[in-house]
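Q: Let me give you the structure first, and then I'll get to my questions.
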Amino acid sequence: MSFLDIRNLKTYFTTKGGTVKAVDDISLQIEKGDALGLAGESGCGKTTTALTIMHLLPSNAIVLSGKIRFGDVDLLTIGEEKLRKDFRWKRMSMVFQGAMNALNPVFKVGEQITQAILTHEEITKESAWERVEELFSLVGINPARAKEYPHEFSGGMKQRAIIAMSLACDPELVIADEPVTALDVIVQAQILELMRSLRDKLGLSMIMITHDLSVIADTCNKAAIMYAGKIVERADSVTIFKQPEHPYTQGLIANFPSISGEMKPFEPISGSPPNLISPPSGCRFHPRCPYAMGICENKEPEIIELKRGHFVSCHLKRH
Amino acid sequence: MQKVKLRGYEKSIIKFWSQYMESKIGLFGLALLIFFVFVSAFANILAPYPVGPKDGDSKAILKPPTSKYVLGTDELGRDMLSLILYGGRVSLMIGMLSTLMTALIGTIVGVSAGYFGGNTEELLMRFTDIFLVIPGLPLMIVLASILGATFWNMIFVIGVLGWTGTARVLRAQVLSLKEKPFIESARAIGASDARIIGRHILPNVLPLIVAQMVLNIGSSILSASSLSFLGLGDPTHLSWGMTLHYAFGVGALFSNFYWYLIPPGFCITLVVLAFTFIGYSLDQIVNPRIRRR
Amino acid sequence: MGIGRVAIKRGINAIVLIGMVTVINFFLFRIMPGDPTTMMISPRMTHETRRIILHKFGLDQPLYVQFVRYIQQLLSGNLGISFIYQRPVLDLIVERIPNTVLLLLSSFIITVILSIITGLVAAWKRGSKLDISLIVFGLTMHALPIFWLGGLLLLYFSVQLDLFPVIGVSTPWLKHESVFSYVADVLHHLFLPMMTLGIGNIGGLFLITRNSLLDVFAEDYVTTARAVGVPSRTILFRNVLRNAMLPLVTIIMLRLGFIIGGAVTTETVFTWPGVGLLIYRSVMQEDYPVLQGAFLIITISAVLANFMAEIIYGYLDPRVRYE
């Protein structure tokens, strides 16, 4: 049985302009210890997926259907209170996009982490602060700085602090949403290295959400590519990079510059991102696909397991 | 039938209007305002009796509402309803004229401070600070009593003190506009400051100025009514505040002349409310901060 | 330590402001169109008295000499003599300050508490019927002339229902056996004007509180707290409130002048013997020394109150405190 099993998830948003089909029937499985990279353009539904797992959707969102099995419960049916007490942060935590703002400016950094700990565990304040200091060492911040305020931390430090906070209650699953996008390249590398080592050290399972494929190449052993609310291809990362089968994935990988490889001209994927209120008919990618056939416009492709663990959703791959 | 091509700004006016129509509060305020403007403009037709100082009915002094005098009479025997109708003209005029002044001063100070920055900004902001800290009404009281209680003095006094809010808001807006690329490119082309301000900055801050003005009319009318109530209004231009002043003066409070007290204040509240509602809706549309939410 | 630096910086600012206000005060009363000496001379005086007074007060001297004398007098606590009461202006003001302070403080507490509660409720239940009615209520309070509200309350509760006294701060002819009965009497008189100012000033503050809370709700650190699993109530009172209070302090600072102005008209309506009523009377009776003195005192108080608010803000916001 998989560690985390998402089946046929649909999350829609009701807005003034119409219903946004942000996540439209996706399925994924993660085994314990996996790091799954969830990639795609902005607005393709990656963050919404994460928020659905964590039950943090805004009020205009509806989860239409699906199952999210974590351990032996379906996260979508267990109720807010149980989720809050037993799952959020204790078994699964999240590192948000734009972590700079995830820290409350009027409280000390350490205090915010102790709040996280004390919400879930009945320990003394001193023990909580001790844990904070341990966590700081773990992520590479001087423990003495736990009593400082967020504005005294640099961007990279804030990111480390947020990572520390996500580990505060010893979770099994960590979802990281664009954890390094806002940082400069050198700090990016440091943080990714940190996340890799933490994963090894603590035996964590991770979902890494990003639009930057290099991050996936760096840290993830599995990858899922999302487009317009659907997962178009899913496999382990080596396969995705070396043998992408879906035209969209191929387009993404083709533009992935390589230091050692040959010089290639940039071939951007033509067209613009789809409208999620009224998405293209049939295969969502067909307006931009260089190999589109008649059937692509009319019928949504099914998900086929091409090889073991390699899933694609495309009419071209019919065997 | 000819097809009409809509120009850019016409499109944005239509877009703006359709956004405004969505706000029930805004529509209600607008309706209320139109009602009062209409009634004030046609006061001379609608008012059943004249309200000059000699027009009182000496046989009907301080009478409660009757069929003859629908809202009662004042101490000179004048009809309350007519007084209210004519009073609206004065109150609205004072509000609007002083707001014009406020808008002018506020725009000059705010845009200059935001655009020119440096010492100019520092100086102008310090200047604004003084006006912010000094309590508004007491200063108005002092000015009005020194200058004398006339219609135009009151407009001046209110106008010359009410611009600080507008100045601040505009400065903030200009500061964020300054960073935008189109300003930089205009400068690179070699446009003069005057041209940049006139062609690029002012049109962009205009919606904000208008929203501020609407809110300002409301507070101007309130200030005017406070000043008038305290006796600093022009006796020859009977505003609603002045009516309340006279009401207080003849002991309406203690003698329970409710018809003298309730209508003027009620009208002030409704008119200011109209402007406040409109201003609130405008603010929701125009203020970039709120839109983001 | 940041807050020390804030105190010094804003303190110097306050002193400069007070200086400017004093200068403005001096010149204001000399700009009267026509005869500039009329401000200091009551129109009731005879010609001879006028000449003597002019000379005594140095009003026949050049302006800069007068200014120096003015400053000297101020520093020795001399604010002039009232035309009407024939007593030192400073005494008149000092007698009345406690009443005004009592009224302002008590109503201010009510305003702040009510604004925070209503702002919280409205922001928490954003978009609900309750929220909309509160907004309408707040906007209406904002539009209401405060003195008119006072008048209505007085009319209904005092005159018609006879529940509260109609004027003054205490009943003059009542002999009080104990401190308690005196305090009770004062509170009885205080209730209506306090509620008038307390409720009348809510309008602006309520809307700002609500907006500020909504801003904070949208912040990432609130989503993080929810993600962490902190219960909603705790988030509200711990994480959100501290942040939302900061703009509130700023707004209170900006509206201090407005609140003081409201006191003037309210004291007039309720015949509450404070500095506001003194100002009203001095305007009516053309008692310019009193007007000038009271204005100066009020303005200086406003500057000082502003200064205190800035210190409080500096204390609350760690970004300022730990520069």
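Q: For segment B:23-286, would you read off the P(r) tail past 35 Å as a percentage of all alpha carbon pairs? Please report the intermediate quantities before stating the final value.
A: On the way: 9477 of 34716 pairs.
Counting every Cα pair in segment B:23-286, those more than 35 Å apart make up 27 percent.
Q: Now for a different question. Sort A:167, C:74 so that the residue with the fewest other Cβ atoms within 10 Å of its own Cβ comes first and the one with the most comes last.
A: Working: A:167 23, C:74 17.
Ranking A:167, C:74 by Cβ neighbours within 10 Å, fewest first, gives C:74, A:167.
Q: Let me ask something else about it. For residue A:145 and residue A:305, compute 0.36 nm times the residue count separating them, minus their Cα-Cα distance, and round to one decimal in nm.
A: Working: separation 160, 0.36 × 160 = 57.60 nm, distance 5.00 nm.
Separation in residues times 0.36 nm, less the Cα-Cα distance, equals 52.6 nm.
Q: Hey, another quick one. Out of segment A:1-97, which chymotrypsin sites (Phe, Trp or Tyr not before Pro) are coil in DSSP terms and have no more than 16 other C-beta atoms within 10 Å? Don't skip to the answer; put the middle values down first.
A: Details: sites: A:3, A:12, A:13, A:70, A:87, A:89, A:96; in loops: A:3, A:89, A:96.
Of the chymotrypsin sites (Phe, Trp or Tyr not before Pro), the ones in loops of segment A:1-97 whose Cβ has at most 16 other Cβ atoms within 10 Å are A:3.
Q: Which cross-chain or sequence-distant (5 or more) residues have an amide H under 5 Å from the amide H of residue B:150, H modelled 1.01 Å from N in plane?
A: Placed amide hydrogens put nothing under 5 Å from residue B:150.
Q: Among B:285, B:273, B:136, which residue has its Cα furthest toward the positive end of the charge dipole of segment B:23-286, with +1 on Lys/Arg Cβ and -1 on Asp/Glu Cβ?
A: Checked the options; the winner is B:285.
Q: Here's something else I'd like to know. Sorted by packing (mean other beta-carbon atoms within 10 Å per residue), highest first, where do C:75-81, B:96-102, B:54-60 land?
A: On the way: C:75-81: 14.0, B:96-102: 21.1, B:54-60: 12.3.
Highest mean packing first, the order is B:96-102, C:75-81, B:54-60.
Q: Measuring from centroid to centroid over Cα atoms, what is the spacing of segment C:222-295 and segment B:25-49 in Å?
A: Computed from Cα coordinates, the inter-centre distance equals 33 Å.
Q: Strictly greater than 23 Å: what percent of every Cα pair in chain A meets that?
A: Numbers: 30026 of 50721 pairs.
Cα-Cα pairs of chain A separated by over 23 Å account for 59 percent.
Q: Over the Cα atoms of segment C:84-192, Rg to Rh with Kirkwood Rh, two decimal places?
A: On the way: Rg = 18.7 Å, Rh = 17.1 Å.
Here Rg/Rh amounts to 1.09.
Q: For the residue pair residue C:94 and residue A:126, what label-to-label distance in nm results when each label sits 7 Å from Cα along the Cα-to-beta-carbon direction?
A: Placing both labels 7 Å along Cα→Cβ, they lie 5.6 nm apart.
Q: Can you give me the angle between helix A:125-139 and the longest principal axis of chain A, using Cα atoms only, in degrees from 0 to 90, rounded to the nearest 10?
A: Between the helix axis and the principal axis of chain A, the angle is about 50 degrees.
Q: Within segment C:6-24, list the residues whose amide N lies under 17 Å from a label point set 7 Å along Cα→Cβ of residue C:63.
A: Output list for this probe position: C:20-24.
Q: Report the charge-dipole magnitude of the protein assembly as shown in Debye, nearest 20, computed about the Cα centre from +1 at each Lys and Arg Cβ and -1 at each Asp and Glu Cβ. Before the final figure, lay out the partial values.
A: Numbers: 84 positive and 71 negative charges, 263 e Å.
In debye, rounded to 20, the protein assembly as shown gives about 1260.
Q: So who's got an amide H within less than 5 Å of the one on residue C:82, skipping anything under 5 residues away but keeping other chains? H placed 1.01 Å off N, in plane.
A: Sorted by chain and number, the residues that satisfy this are C:87, C:89.
Q: Under a point spin-label approximation (7 Å from Cα along Cα-to-Cβ), what is the residue A:65-residue A:275 distance to one decimal in nm?
A: Going by the 7 Å Cα→Cβ label model, 2.5 nm.
Q: Check every DSSP H run in chain B and write down those whose alpha carbon atoms cover 27 angstrom or more along the long axis and whose mean Kyte-Doolittle hydropathy is 1.0 or greater.
A: Values: long enough: B:80-116 (52 Å, 1.52); B:202-227 (35 Å, 1.40); B:258-286 (41 Å, 1.40).
The qualifying helices are B:80-116, B:202-227, B:258-286.
Q: What's the average, rounded to a whole number, of partner chain beta-carbon atoms within 10 Å of each residue's beta-carbon in C:231-237? Display every interim value, and only then the final one.
A: Values: counts 4, 2, 0, 2, 1, 0, 0.
Mean number of neighbouring Cβ atoms from other chains: 1.
Q: Related question: What are the extents of the Cα atoms of the protein assembly as shown along their three principal axes, in Å, largest first?
A: 115, 78, 64
Q: Okay, moving on. Under a GNM of chain C (C-alpha, springs under 10 Å), which listed residue has the highest mean-square fluctuation: C:171, C:111, C:100?
A: C:171
Q: Follow-up. Whats the longest run of chain A with zero GluC sites (Glu not before Pro) that are DSSP loop and have at most 11 other Cβ atoms within 10 Å? Please list the in-between numbers first.
A: On the way: sites that count: A:122, A:262, A:302.
No qualifying site falls inside A:123-261, the longest such stretch.
Q: Which FRET efficiency value, to the nearest 0.05, do you get for residue C:114 and residue C:249 by plugging their Cβ-Cβ distance into 1/(1 + (r/R0)^6) with R0 = 25 Å?
A: Numbers: r = 17 Å, r/R0 = 0.67.
After rounding to 0.05, the efficiency reads 0.90.
Q: Past 31 Å, Cα to Cα: identify those pairs from A:222/C:125; A:21/A:307; A:108/C:125; A:32/A:230; A:10/A:307; A:85/A:201, in the order given. Could you put the intermediate results ahead of the total?
A: Details: A:222/C:125 42 Å; A:21/A:307 29 Å; A:108/C:125 29 Å; A:32/A:230 24 Å; A:10/A:307 26 Å; A:85/A:201 26 Å.
As for pairs spanning more than 31 Å Cα to Cα, those are A:222/C:125.
Q: Using 16 Å as the cut-off for backbone N distance, which residues of segment C:123-146 belong to the label zone defined by a point 7 Å from the Cα of residue C:232 along Cα→Cβ?
A: C:123-131
Q: Further question on the same structure: Could you derive backbone 3J(HN,Hα) for segment A:196-206 from the dihedral phi with the Karplus parameters 6.51, -1.76 and 1.60 (θ = phi - 60°), listing whole Hz in sequence and x where the residue is Gly or Pro?
A: 4, 5, 5, 4, 5, 4, 9, x, 7, 9, 9
Q: Might you report the magnitude of the Cβ-based charge dipole of segment A:160-319 about its Cα centre, with Lys and Arg at +1 and Asp and Glu at -1, to the nearest 20 debye?
A: Value, rounded to 20: 400 debye.
Q: Take the Cβ-Cβ distance between residue A:42 and residue C:156 as r, set R0 to 56 Å, and report the resulting FRET efficiency rounded to the nearest 0.05. Could you put the intermediate results ahead of the total?
A: Details: r = 60 Å, r/R0 = 1.08.
Approximately 0.40, to the nearest 0.05.
Q: While we're on this one: What does the average come to when, for each residue of peptide A:115-123, you count the partner chain Cβ atoms lying within 10 Å of its Cβ?
A: 3
Q: I would also like to ask the following. If you take every DSSP beta bridge whose two residues both sit in the protein assembly as shown, what share of them, in percent to the nearest 5, is antiparallel?
A: On the way: 32 of 51 bridges.
Within the protein assembly as shown, antiparallel bridges account for around 65 percent of the total.
Q: How far is helix A:155-166 tilted, in degrees, relative to the longest principal axis of the Cα atoms in chain A, given as a value from 0 to 90 rounded to the nearest 10?
A: With both axes taken from Cα atoms, the answer is about 80 degrees.
Q: Sorting C:9, C:129, A:46, A:222 on the 10 Å Cβ count, fewest up front, what's the list? Can you show the working numbers first?
A: Details: C:9 12, C:129 8, A:46 27, A:222 24.
Placing the least packed residue first, the sequence is C:129, C:9, A:222, A:46.
Q: So, in nm, how far is label residue C:49 from label residue B:123 when the simple model puts each one 7 Å beyond its Cα toward the Cβ?
A: Taking the two extended label points, one gets 4.7 nm.
Q: Still on this model: How big is the gap, in Å, between the Cα center of segment B:70-113 and the Cα center of segment B:200-228?
A: 13 Å
Q: If one takes the longest principal axis of the Cα atoms in chain C, at what angle in degrees, from 0 to 90 and to the nearest 10, does the Cα axis of helix C:241-270 lie?
A: 40 degrees
Q: At a 10 Å Cβ-Cβ cut-off, how would you order B:158, B:201, fewest neighbours first? Show your work: numbers first, answer last.
A: On the way: B:158 28, B:201 21.
If I rank by nearby Cβ atoms, fewest first, I get B:201, B:158.
Q: Same structure again: Determine the dipole magnitude for segment B:23-286: charges of +1 sit on the beta-carbon of Lys and Arg, -1 on that of Asp and Glu, nothing else is charged, the reference point is the Cα centre, and the result goes in debye to the nearest 20. Please list the in-between numbers first.
A: On the way: 15 positive and 13 negative charges, 68 e Å.
Here the size comes out at about 320 debye.
Q: Can you work out the Karplus-derived ³J(HN,Hα) for every residue in segment A:41-50? Use 6.51 cos²θ - 1.76 cosθ + 1.60 with θ = phi - 60°, whole Hz, and x for glycine or proline.
A: Values, residue by residue: 5, 4, x, 8, x, 5, 5, 4, 4, 4 Hz.
Q: Report the Cα centroid-to-centroid distance between segment A:201-255 and segment C:124-168 in angstrom, as an integer.
A: Cα centroid of segment A:201-255 versus Cα centroid of segment C:124-168: 62 Å apart.
Q: Okay, helix-only estimate at 222 nm for chain A: each DSSP H run of n ≥ 4 adds -39500 (n - 2.57), divide by all residues, round to 500 deg cm²/dmol; what do you get?
A: Details: 9 runs with 92 residues, N = 319.
Only helices count here, giving -8500 deg cm²/dmol.
Q: Under 5 Å between amide hydrogens, which residues at least 5 positions from residue A:38 or on another chain qualify, with H placed 1.01 Å from N in the peptide plane?
A: Correct list: A:208, A:209, A:210, A:224.
Q: I would also like to ask the following. Through the Karplus equation 6.51 cos²θ - 1.76 cosθ + 1.60, θ set to phi - 60°, convert the phi angles of segment C:129-142 into ³J(HN,Hα) values in whole Hz; use x for Gly and Pro.
A: Couplings: 4, 4, 4, 4, 5, 5, 4, 4, 4, x, 5, 5, 4, 5 Hz.
Values in this text are rule-based calculations from the coordinates and carry no lab data. Every value quoted in this text rests on a predicted model; they were computed, and no experiment measured them. In this analysis, Cβ positions are derived from the backbone assuming ideal geometry, glycine residues included, and neighbour counts consider all displayed protein chains.
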